[in-house]
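Only one structure is covered here, and it is reproduced in the block below.
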Amino acid sequence: MTKATTTRLKVSGCSKGFPGVQALTEVSLTVGAGEIHALLGENGAGKSTLGKIIAGVYHWDAGAIEFDGIALDRLDETSAGALGIGIVHQEGSLVGQLSIAENIFAGRQPIGRFNVVDRREMVRRTRELLNQLGVSLDPWTPVRALSTAQAQIVEIAKALSRDLKLLILDEPTSALTLTETARLFDLVRGLKASGVSIIYVSHRLSEIFELCDRVTVLKDGQVTGRRLLAETNQDELIRLMVGRDVHFARESNLAPGELVLEVNSVAAAPFVRNASFSVRRGEIVCLAGLVGSGRSEVCETIFGTRRHERGEIRLHGTRMRFEGPWDAMAAGVGMVPEDRKTAGLFLAKSLAENITIAVLSKVSPGGVISDRAIASYADRYVKELNIATPDILQLVGNLSGGNQQKVLLAKWLAPEPDLLIVDEPTRGVDVGARAEIYRLLRALRAKGFALLVVSSDLTEVLTLADRIVVMADGRTVGELPGDVADEESVLRLATQHTSIQSAGAA
Amino acid sequence: MTETAITKPNPETERQPASTEITKQAWPIRFLWKLADSRELTLVILIALLVVVMTVVYPNNFPTRYNFSAVMLNAAQNSILVAGMMLLMIGGTFDLSIGSALALSGVVAGVVVAWWGLPAEAGLLAGIAAGAFCGLINGVIVTRININALIATLATMAIFRGATQLVSGTGVTPIGDGFKAYGQASFLGMQSPFWFALFVVAAGWWLVARTRYFRQFYFIGGNAHAAQLSGIRVARITLTGFIIMGALAGLAGVLGSARLNSAVVSAGIGVELSVITAAVLGGASLRGGEGSVLGGVLGVLLIALVQNALIINGVGVYWQNIIVGLVLLFAVSLDRFKQTHRS
């Protein structure tokens, strides 16, 4: 544990309000040189706002900020950059059409002879940065061709490309795999050793314990606690975050029913090479594996958004071939996609419309929309899923992340599918909502739904799954019963890249 | 809009409806809010205001049956077109080729009736079919070949216009008395294009606002990817939207040539922009997902009335364009007002 000798950043009594919301109330924070300081809190607790204020994105309403002993009265993104403050945003700040190198050096490209951008130097430095992060990407790749995880790495490289004194990482691992996360942590520790201070914004407790020195916990825009991580534990931090105890215990299921889904040797180039597994009624099967192992793509194949060229998909024993999601839905399949904002929800539409979109035919007898039928569906699911909203006509974009996720689940419960695929059920969702979503998924299992869950969060997989199907490199490489699997056994399967079917595989 | 502002989970703030903020504000702001919330209401008020002022100032010229009928006749064509354009814009796309499709349809109808000697009804149907076929071509290019609607319909705008000239040279004049009746017959003092437009608008309004099929356009325009993943056949439905647009352009073209008893190759030049102007005035957004057929038609009526008022005033034709532009900017500024004052 480092003793912070010099104070790098001192925030005292900082407040910030947005129209209608007081985001921060008299928040104080001290970060020493070479310290990794965690900012912990649920979604909306104000941690991202605080990070953005320190990075000069927002201006604070009241309070004072000192950096290296100098009081700052104004801070914008340029002056923050000049002071050595860098931030990796939660949601991307990259330009999709431009290359990795151009994004990293946006506005500060190295200049060569004749005042022209020195492209060779830019590429060389980009390559160096990416190597530091342990990835080999072509610096000329346009950012839009990258996966979410790769784009995140480019964001980090962009922050690292400056002369850093303070790096703010806002939920940097939400899209990263375990290996990528481990690499990031090594890198952060390296920065710390060279005297850089890091503010690590997260709601993942295990990461904070692994990486950070001290933690400041926020709840509803106020500091509820400051701890040395060596002197606290998970339960205490959760209590500070949510004001109550939350436990994610495993719950074993009753005996699963008949086969609902059978996937036999399915291949859909280029991401799925050979996938075989099955899901029964009243069972939660989790697809685990690294990002890029083909988990989401298998789900898309089952849901009809991706064609398979080999193998077969059977539902209730009948071989299926879907032209599109509409066919899959007619056959009783639903899919909650990974990215709720771009693929799942209509943010500018009301909660009621979002919940009923997958059952349009049921709310429009004779082809004419019935507002009453829409309202009755919406009311039912708002109650059933405990969605916090002023009314069912509220725009979904105005809801919190957890409530948006519940609306997305409600949308797929409404058609009452036999098989529900859930891709990353709790991404960007706070601890409280996470517990509710787990409870909900278990309730669905008890009702006889067949559930196929994709998750990058190993703890989640181990908490939820009755069976764990591990994928690597587009292949299902093994299967583990949920009650005996542990992180090590799943990871061992996920990281072996040879496609050996383990003894237990179907 | 900030992340923190919208994801704040505090139930107290979340349960308060957004509108409680505005009750504290002064009445002009509240009034602007009401206007900003319903584009249709804004337009109705503007139209009513214009009608009242014109009636008071020009009691002899404006509120006459002849003037009313003339305004409506002028607005009929664009009202028919705006119903289709609104549908496309709700679905997040648009069609620039409607002026050319309109001319081609008129010419096809003229050729069928005047040159081939078929009955007027055959000409009417052939014209509408030609328009629908133009729409089909646009739809296939946009939804199956995945070419951006701006570029695709810019190209077909030129192609259809060229085809019009190819089919008829300089046009078809006269077409025939039986055919002419569809554009010139009058009922209750109003000429037939008005009645066609009224039917299209009323049916379009109800269909787009109330039916399941057309509701899907709102979802496609709101988020096409999410719509696809919600089981909506995005490509097929968008294609249908283009065919409907084309058929309406065909109807407008046939009615126009019947009204003049002449199919001219230069018909409908520039009509796409005035229709899109009316649609935006009526609440459509280029991003898609919003708008209503009623709004679009009110947009057409407002523009028609402004032009009529300016003509009665004796204001030069150049001023008409300037004022239509200013009205459009005013209406769209209301949206910006709404966006910056919400949250």
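Throughout, read-outs are computed from the coordinates displayed, never taken from laboratory work. The shown structure was predicted, so the numbers you read here are calculated from the model rather than taken from an experiment. For neighbour counting, all protein chains shown are included, and Cβ atoms are generated from backbone atoms with ideal geometry for every residue, glycine included.
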When Cβ neighbours within 10 Å are restricted to other protein chains, what is their mean count per residue of peptide B:209-216?
-> 5
Exceeding the 31 Å Cα-Cα cut-off - candidates A:K362/A:K383; A:K16/A:K411; A:K52/A:K406; A:K362/A:K406; A:K192/A:K341; A:K341/A:K383 = A:K16/A:K411; A:K192/A:K341
For chain B, alpha-carbon Rg relative to the globular expectation (2.2 N^0.38 Å, N residues) | 1.07
Give me the Kirkwood hydrodynamic radius of the stretch A:55-148 in Å, from all C-alpha pairs, to one decimal place?
-> 15.5 Å
Which residue fluctuates the most in chain B, going by a Gaussian network model with Cα springs under 10 Å, if the choices are B:L326, B:L255, B:L188?
-> B:L188
Relative to the Cα centre, what is the charge dipole magnitude of the stretch A:342-416, using +1 at the beta carbon of each Lys and Arg, -1 at the beta carbon of each Asp and Glu, and rounding to the nearest 20 debye?
-> 60 debye
Divide, for the stretch A:363-486, the radius of gyration over alpha carbons by 2.2 N^0.38 Å, where N is the residue count.
-> 1.21
Roughly what % antiparallel, to the nearest 5, for the DSSP beta bridges in the protein assembly as shown?
-> 55 percent
Given the stretch B:188-289, what whole percent of its Cα pairs are spread farther than 15 Å?
-> 73 percent
For the stretch A:155-204, with only Lys/Arg (+1) and Asp/Glu (-1) charged at the beta-carbon, what is the dipole magnitude about the Cα centre, in debye rounded to 20?
-> 160 debye
Most fluctuating residue given options B:L81, B:L46, B:L73, as computed from a GNM of chain B linking Cα atoms under 10 Å | B:L46
Can you pull the mean other chain C-beta count within 10 Å for peptide A:401-414?
-> 1
Near A:S276, within a Cβ-to-Cβ distance under 12 Å, what is the net charge of the other residues, with Lys and Arg +1 and Asp and Glu -1?
-> +1
Rounded to the nearest 0.05, what FRET efficiency do A:L259 and B:I311 have when you use their Cβ-Cβ distance and R0 = 51 Å?
-> 0.10
Assertion target for B:S38, A:S147, ordered by fewest C-beta neighbours within 10 angstrom first, is A:S147, B:S38
Given Cβ charges of +1 for Lys and Arg and -1 for Asp and Glu, the option among B:V317, B:L124, B:G295 whose Cα lies farthest towards the positive end of the dipole of chain B is B:G295
Spin-label model distance (nm) - A:F209 vs B:W116, 7 Å beyond Cα toward Cβ = 8.1 nm
Per residue, how big is the convex hull around the C-alpha atoms of chain A? Give it to me in cubic angstrom, could you?
-> 167 Å³
Sorted largest first, the C-alpha extents of the stretch A:342-416 along its principal axes in whole angstrom are 35, 25, 22
Per residue, what volume in Å³ does the convex hull of the Cα atoms of the stretch A:7-242 enclose?
-> 130 Å³
Value of D in µm² per second that Stokes-Einstein yields for the stretch B:88-224, Kirkwood Rh from Cα pairs, at 20 °C (1.002 mPa s) | 128 µm²/s
Expressed as a whole number, the average count of other chain Cβ atoms within 10 Å around the Cβ atoms of A:383-393 is 2
Rounded Å value of the spacing that divides the Cα centres of the stretch A:160-226 and the stretch A:420-437 | 22 Å
Which of B:N60, B:N223, B:N74 moves the most in a Gaussian network model of chain B with Cα springs under 10 Å?
-> B:N60
For the protein assembly as shown, what is the convex hull (Cα atoms) projected area averaged across all directions, in square nanometres?
-> 42.1 nm²
In whole angstrom, how long is each semi-axis of the equivalent ellipsoid of the stretch B:143-206, when you take the square root of 5 times every eigenvalue of its Cα gyration tensor and sort them from largest down?
-> 31, 23, 7
Fewest-first ordering of B:Y58, B:Y182 by Cβ atoms within 10 Å yields B:Y58, B:Y182
Run the dipole for chain A about the Cα centre, Lys and Arg Cβ at +1, Asp and Glu Cβ at -1, nothing else charged, and hand back the magnitude in debye, nearest 20.
-> 540 debye
Which of B:L239, B:L166, B:L198 comes first, and how do the rest follow, when ranked by fewest Cβ neighbours within 10 Å?
-> B:L166, B:L198, B:L239
